[in-house]
Each structure stands twice: as structure tokens, then as C-alpha cells.
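Note sheet for the following structure.
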Amino acid sequence: MFIIWSGWGALTIVIVAAVTIVVGAIGQLLLTAIGYPDWAFVAVSIGLFSAAAVNWIVGRRMNAAPPRELVDPATGERVVLTRTHRLFWIRMEYWSFLVALLGFVPLLALPGALHG
């Protein structure tokens, strides 16, 4: 599988994986401490929602850099350079919507956990 990115777009993968693992682990520890050790899916959802928020903030900040305007001395033509950070042609911050949607998937186990 190929991963296509521009700028620091591949950082999205690192952010989502790291934040989901760290927050999910902390959430699982807290759920176990309050007596719900079987609710790991809730910890995963919290981790994914947190990852979406962190990725949104980082992506927005990184893609907010102002463009550079250069002038070709030979022709006087102006060229505007913008640096965008994308993963598979999608800006970093917009991956947060997909990650947040994925955060709802583990919660589909919630009705079974409440009755089980």
C-alpha cells in the first residue's frame, strides 16, 4: 500500500495513532478503576474523538501559514507558493471528520453491553 502525502500530511497518521493509544489506555485504566473493565470500546471511542480534535487543531495551524509571493526577475511574473499539508490529497484537518466518525463505531457495542 502506498501512502501519498505532501508537506507534513503523514503526521496525521502519527497523531491519530499516538493520541488514540494514549487516551484510550488512560480511559481503560479509569474505566477499570470505577468498575467497568469490559467497556474498552468506550475508551477507544474517547481516544478517537480526542485524536480527531488534536489532528484538527494541528492541521489548521499548519495549513494557516501565509503564502509566499515571488517575482521572476527575468519576466516580472509573480508566483504565489502555498505550503499545504495533505494525506491522500486531503488536507490534514479534514481527516478529523473521518476519525470522529470512526469514533462512533465502537459505541455500536454499547446497547449489547448495557443488556449483557
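Quick note: the coordinates plus some simple rules give every number you see, no bench work behind them. Remember, predicted model here, so these are calculated numbers, not experimental data. So basically every Cβ, Gly included, is an ideal-geometry build from the backbone, and we count neighbours across all protein chains shown.
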- Query: Across the range 6-18, what is the number of residues that are touching a helix residue (DSSP H, G or I) at 6+ places or on another chain (Cβ under 8 Å) and not in a helix (DSSP H, G or I)?
  - Reply: 3
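Taking the range 1-36 only, how many residues are hydroxyl-bearing (Ser, Thr, Tyr) and either closer than 22 Å to residue 95 by Cβ or touching a residue at least 40 places away in the same chain (Cβ under 8 Å) (or both)? Give the derivation first.
Going through the range 1-36, the residues hydroxyl-bearing (Ser, Thr, Tyr) turn out to be 6, 12, 20, 32, 36.
Going one step further and asking which of them are either closer than 22 Å to residue 95 by Cβ or touching a residue at least 40 places away in the same chain (Cβ under 8 Å) (or both), we end up with 6, 12, 20.
Here the count works out to 3.
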- Among helices (runs of 4 or more DSSP H) completely within the range 19-116, the ones holding 2 or more residues that are surrounded by fewer than 19 Cβ atoms within 10 Å (Cβ to Cβ) and under 24 Å from the mean Cα position of the chain (by Cα) are 40-62, 95-104
- Considering residues of the range 1-12 that are in contact with a Phe, Trp or Tyr (Cβ under 9 Å, 6 or more places away or on another chain) and of a type outside the set (Ser, Thr, Tyr) only, the residue surrounded by the most Cβ atoms within 10 Å (Cβ to Cβ): 9
